[in-house]
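Down below is the structure, laid out as structure tokens.
The values are calculated or read from the model by the stated rules, or taken from the named source; none is laboratory data. Small disclaimer: the values here were computed from a predicted structure and weren't measured. With ideal geometry, Cβ positions are generated from the backbone for all residues, glycine too; neighbour counts draw on all protein chains shown.
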Amino acid sequence: MLRSCCLRCFGLRNADALLWHSELKPHASGEFSIAVVQANSNLEDQSQVYTSPSATYVGVYDGHGGPEASRFVNNHLFPHLHKFSKEQGGLSTDVIKKAFNATEEDFTRLVKRSLPIKPQIATVGSCCLLGAISNGELYVANLGDSRAVLGRRGFDGGKKLVAERLSTDHNVSSEDVRREVEALHPDDSPVVIYCRGVWRIKGIIQVSRSIGDVYLKKPEFHSDPIFQQHGNFVPMKQPLMSAEPSIVTRKLRPQDMFIIFASDGLWEQLSDDEAVQIVSKYPRAGIAKRLVAAAIQEAAKKREVRYKDIKKIERGVRRHFHDDITVIVMYLDHQTTISTTKHKQGTVGSTSPPIDIHSHNSDETMESSSDKIFPNKESRANVLY
């Protein structure tokens, strides 16, 4: 095992320049805390929170193969939600499905345009976790293995909060997901292979749903001579992945205390219950950062190194110890609060971490006006990612 005394060879820094957080911000139903720590050379996790008097949106996008897909989703999913919600008179499961589908189609078009100059973009994808609260209704939609976990009071009146998972993990490490993928591909065996210590679709990828990963969804890419020069041939008779989200809806209840939205970088280290108990025991301010720290502490234990050393390792090398980690804790206050009053007065805002933490480390949130959150068609057309 690699010991802490060996870490100097990786290039240590005096402080954790790869961590960004916002301690506490208001939303229409309460308050939220957000934190991100970067482990990859380029931050592949992207996230955002949009707040208004009528709705709150939360997005966590965990990229793989590169940052392009998660950055693209960060710029396009919320505008599509706003557009379709306005057209259909409010938020619904149909609006969410349309927003996911439009984002997938937009990214596919980008891939086709970019193929001659950047063929590897066909292999880039992103998990996508969305939470939305509107008119007392909670919506959770998911592609991939980021996760939303509710902390609520038990129906038996006990003091300990109960962890309730709200999202579905689309990861073939789950036997149910493996069976689902195999059932969709009866003439393509083996479609799921145990490879490098985990189950993977065609020995390549663990998640079965995403935005992007176009080369695993569009067989025609394998006949493209440009892609053939740069991509690995993957035999398939039909798309191996989908962008169809799992969606859960429920009315918010007085027992519902908070929701943890996080990329799998957190859930690889902490169980649902462990995360919920941490949130229930500590003050609100900085709670997302506390969860990130708890996850890094667990990662350090597994590698038999000290926490204070692991947080100093350079990006890229740090990925050998833990993944990018994004955490958003959304508190649910079932009474009129100062923050609720503020939003009833018409406040609209957006909080989003820097797209790369190493180059922009700040405890200050990046505020966006509504025209930046939902840009018009002309401005959106100029956004590449």
Condition set assigned to a loop (DSSP other than H, G, I, E, B) and among the polar types (S, T, N, Q), scope the stretch 220-240, selection modelled with the highest pLDDT: answer is Gln238
Expected single match for touching a strand residue (DSSP E or B) at 6+ places or on another chain (Cβ under 7 Å), closer than 21 Å to His64 by Cβ and at pLDDT 80 or above among Ala275, Ala243 is Ala243
Going by the structure shown, is His334 of a type outside the set (A, V, I, L, M, F, W, C), surrounded by fewer than 18 Cβ atoms within 10 Å (Cβ to Cβ), modelled with pLDDT of 55 or more and in a loop (DSSP other than H, G, I, E, B)? yes
Condition set in a loop (DSSP other than H, G, I, E, B) and among the polar types (S, T, N, Q), scope the stretch 244-285, selection nearest to Val329 (Cα to Cα): answer is Ser263
Of those in the stretch 124-145 that are in contact with an Asp or Glu (Cβ under 7 Å, 6 or more places away or on another chain) and outside any strand (DSSP E or B), the residue farthest from Glu274 (Cα to Cα) is Val124
Counted residues in the stretch 110-146 being over 24 Å from Pro239 (Cα atoms) and under 22 Å from the mean Cα position of the chain (by Cα) come to 8
Residues of the stretch 204-243 being surrounded by fewer than 15 Cβ atoms within 10 Å (Cβ to Cβ) and either among the hydrophobic types (A, V, I, L, M, F, W, C) or within 23 Å of Tyr61 (Cα to Cα) (or both), in sequence order, are Ile226, Phe233
Here the residues within the stretch 286-309 that are touching a helix residue (DSSP H, G or I) at 6+ places or on another chain (Cβ under 7 Å) and either of a type in the set (D, E, K, R) or not in a helix (DSSP H, G or I) (or both) are Arg290, Val305, Arg306, Asp309
Residue hits (the stretch 152-203; among the acidic types (Asp, Glu) and buried (at least 19 other Cβ atoms within 10 Å of the Cβ)) are Asp169
Contact list, first residue from the stretch 313-332 and closer than 13 Å to Phe261 by Cα, second anywhere and hydroxyl-bearing (Ser, Thr, Tyr) and assigned to a strand (DSSP E or B), beta-carbon distance below 6 Å, six or more apart or interchain, is Thr326/Ser47; Val329/Ser33
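Restrict the check to the stretch 252-269 and report whether at least one residue is β-branched (Val, Ile, Thr) and more than 17 Å from the chain's Cα centre (by Cα).
Taking every residue of the stretch 252-269 in turn, none turns out to be β-branched (Val, Ile, Thr) and more than 17 Å from the chain's Cα centre (by Cα).
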Within the stretch 44-75, the count of residues that are in a loop (DSSP other than H, G, I, E, B), over 22 Å from Ser208 (Cβ atoms) and within 12 Å of the chain's Cα centre (by Cα) comes to 0
Selection from the stretch 268-294 of residues of a type in the set (A, V, I, L, M, F, W, C) and closer than 19 Å to Phe32 by Cα yields Ala275, Val276, Ile278, Val279, Ala285, Ile287, Ala288, Leu291, Val292, Ala293, Ala294
Within the stretch 69-83, the count of residues that are crowded, with 24+ Cβ neighbours inside 10 Å and more than 13 Å from Tyr50 (Cα to Cα) comes to 4
Inside the stretch 244-268, the number of residues satisfying the requirement of being crowded, with 19+ Cβ neighbours inside 10 Å, among the polar types (S, T, N, Q) and in contact with a helix residue (DSSP H, G or I) (Cβ under 7 Å, 6 or more places away or on another chain) is 0
Filtering the stretch 94-113 for residues that are surrounded by 17 or more Cβ atoms within 10 Å (Cβ to Cβ) and free of Cβ contacts under 8 Å to residues at least 60 places away in the same chain leaves a count of 5
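So which strands (runs of 3 or more DSSP E) stay within the stretch 146-200 end to end and still have 2 or more residues that are at pLDDT below 95?
192-195
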Residue pairs qualifying under the 8 Å Cβ cut-off, at least six apart or on distinct chains, with the first in the stretch 128-155 being on the phi > 0 side of the Ramachandran plot and the second being part of a strand (DSSP E or B) and acidic (Asp, Glu), are Gly144/Asp62
Conditions (1) in a loop (DSSP other than H, G, I, E, B); (2) out of contact with any Asp or Glu (no Cβ under 6 Å at 6 or more places or on another chain); (3) modelled with pLDDT under 90 -> Thr340 fails only (1)
